[in-house]
Amino acid sequence: MKPILLATALALGSLAAFAQAPAPEAAPAAAPATPGIPPFQCDPKPVYPGIDNIKSEADLDKLKATVKKYQDCVKAYVTERNATSKAHTEAGNAAVREHNAVMKKFVDDQEAAKKAQEGK
């Protein structure tokens with residue numbers, strides 16, 4: 001499993017956190033928009049309701065379903081971003097390989113022309 005996916009799964013997947021007190025809510029910082037990259041949007045984000053608000057198995061199942069839906073969305077987003085990143089890297093590497101081949105031929109042709117000039 002890729003490290004980022006593992007980290008995401010571990011960070012989001014811990015349902016054992018139900019026993020902890022909820023952290024104070026902070027306003028999420030808006031991520032700057034990057035042209036060509038779809039923004040991360042997985043809603044609704046799960047919110048821990050507090051141990052006293054989980055009164056039945058149905059409440060717990062609903063909470064687990066919300067968490068799973070959010071996790072699946074995050075995993076899908078990360079997988080898509082990783083695939084796009086890999087494709088961009090491969091395209092860049094192909095451009096470098098082509099550049100190197102063109103420059104090698106250029107130098108080889110230049111050396112051949114020098115030798116031909118010297119032979120005259």
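The values are calculated or read from the model by the stated rules, or taken from the named source; none is laboratory data. No experiment lies behind these values; they were computed from the predicted model shown. Quick reminder, even Gly has a Cβ in these numbers, built from the backbone with ideal geometry, and neighbours come from all protein chains shown. Surface accessibility is based on the protein's heavy atoms, side chains included, excluding ligands, DNA and RNA. Shrake-Rupley method; radii C 1.70, N 1.55, O 1.52, S 1.80 Å.
How much length would be gained if the chain were fully extended between ALA65 and ARG97, taking 0.36 nm per residue of separation minus their Cα-Cα distance, in nm to one decimal?
6.8 nm
FRET efficiency for GLU90 and LYS120, Cβ-Cβ distance as r, R0 = 35 Å, nearest 0.05?
0.15
Taking region 60-120, how much of its Cα-Cα pair set, in percent, is spaced more than 18 angstrom apart?
Of all Cα-Cα pairs in region 60-120, 67 percent lie more than 18 Å apart.
Given points 7 Å out from each Cα along the Cα-Cβ axis, report the ALA112 to ASN53 separation in nanometres with one decimal.
Taking the two extended label points, one gets 7.6 nm.
For region 43-85, give the percent of accessible area contributed by carbon and sulfur heavy atoms, probe 1.4 Å, rounded to a whole number.
Reported share for carbon and sulfur atoms: 57 percent.
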